[in-house]
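Bear in mind that the values in this text are calculations on the coordinates, not laboratory data. Please read all numbers here as calculations on a predicted model, not as lab measurements. With ideal geometry, Cβ positions are generated from the backbone for all residues, glycine too; neighbour counts draw on all protein chains shown.
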Amino acid sequence: MRSRLRLSSQPPLLVTAGPVVIMLAGSLDEWLPHFRGLEERMADAVEAAWPICIAPLQSKKNAMTHEDHITEHLVQALIRTKRVPGRIIYQYTLLAEDAGGNVSAPSNIDFVLTVGDDEDVYLACECKRLNVPYKTGVRGLVSEYVDEGLMRFVTGQYSSGLPLAMMLGYVMNAKTDIARRGVGRIMALRSTAIGLQSERDAAVASGRPLRFHTTHACMSGHIIEVAHILLAWR
């Protein structure tokens with residue numbers, strides 16, 4: 001299995017956040033404010049990069065515009081804006097080692113913001129489409145958002161031992177309020193499976209992405225906070 005962080009035993013980790021150097025050490029509760037600061041900067045950067053991301057895709061927007069292609073454009077736009085510290089890495093590979101010492105790469109996170117120089121410390125961003133218009137009607141894809149995205153943080157497949165992660169929802173018909181209700185409904189139905197502990201919405205500003213936060217009890221026993229951003233494709 002991939003080694004987990006021993007937060008109480010390893011030396012302090014220095015994280016560069018613009019002109020400020022943050023020292024991360026000790027418990028997850030002590031780490032969380034620093035991760036929240038990075039998350040807020042990443043959320044603002046995503047919002048600024050979103051129009052740049054979708055501009056070249058507008059002419060070919062349809063049900064076959066998959067999240068990987070959108071994410072490629074988003075990551076490129078984020079790198080060019082240079083609004084966040086650290087490196088943004090597309091398709092961040094997680095290595096796993098079994099009891100016999102065999103190493104494999106079973107999964108990739110859509111993209112991460114690296115934190116310091118420890119490969120196990122990062123702000124993960126997992127991306128899913130929502131409200132996709134097909135010829136037969138709109139598919140919400142909210143189950144996929146929860147089961148194939150959010151659940152990966154709960155199981156520890158992604159962000160194992162880390163206090164915070166991000167989910168981005170590409171709302172293909174721009175109806176973020178409907179997408180939010182759909183995600184909320186599925187999370188309520190799956191509340192036990194996803195270890196849902198709390199849910200809070202940020203103030204809604206007209207024309208801006210919709211943001212909310214959830215906290216989850218992970219299967220490993222620690223608590224993770226997930227920041228969600230629903231981006232309207234207009």
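In whole Hz and in residue order, list the ³J(HN,Hα) couplings for segment 201-217 that follow from phi through the Karplus curve 6.51 cos²θ - 1.76 cosθ + 1.60, θ = phi - 60°; x for Gly and Pro.
9, 7, 4, 8, 10, 4, x, 9, x, 8, 10, 8, 10, 10, 10, 9, 8
If packing is taken as the average count of other Cβ atoms within 10 Å, what order do 222-233, 124-135, 87-98 fall into, highest mean first?
222-233, 124-135, 87-98
Tell me, what ³J(HN,Hα) does each residue in segment 175-189 have, in order and in whole Hz, if you take phi through Karplus 6.51 cos²θ - 1.76 cosθ + 1.60 with θ = phi - 60° and put x for Gly and Pro?
With coefficients 6.51, -1.76 and 1.60, one gets 8, 5, 5, 5, 4, 5, 5, x, 5, x, 5, 5, 4, 5, 5 Hz.
Output wanted: per-residue J couplings in Hz (rounded whole) for segment 193-199, from phi through Karplus 6.51 cos²θ - 1.76 cosθ + 1.60, θ = phi - 60°, x for Gly and Pro.
4, 9, x, 5, 10, 7, 8
Any idea what the dipole of the chain comes to, in debye rounded to 20, about its Cα centre with Lys/Arg Cβ at +1 and Asp/Glu Cβ at -1?
That gives a dipole near 980 debye.
Considering amide H positions built from the backbone, and no H for Pro or chain starts, which residues 5 or more places from residue 127, or on another chain, come under 5 Å of its amide H?
110, 168
So who's got an amide H within less than 5 Å of the one on residue 202, skipping anything under 5 residues away but keeping other chains? H placed 1.01 Å off N, in plane.
211, 212, 213
Please give the net charge around residue 199, taking every other residue with its beta carbon less than 13 angstrom from that of residue 199, where Lys and Arg add +1 and Asp and Glu add -1.
That sum, taken over residues with Cβ under 13 Å, equals +4.
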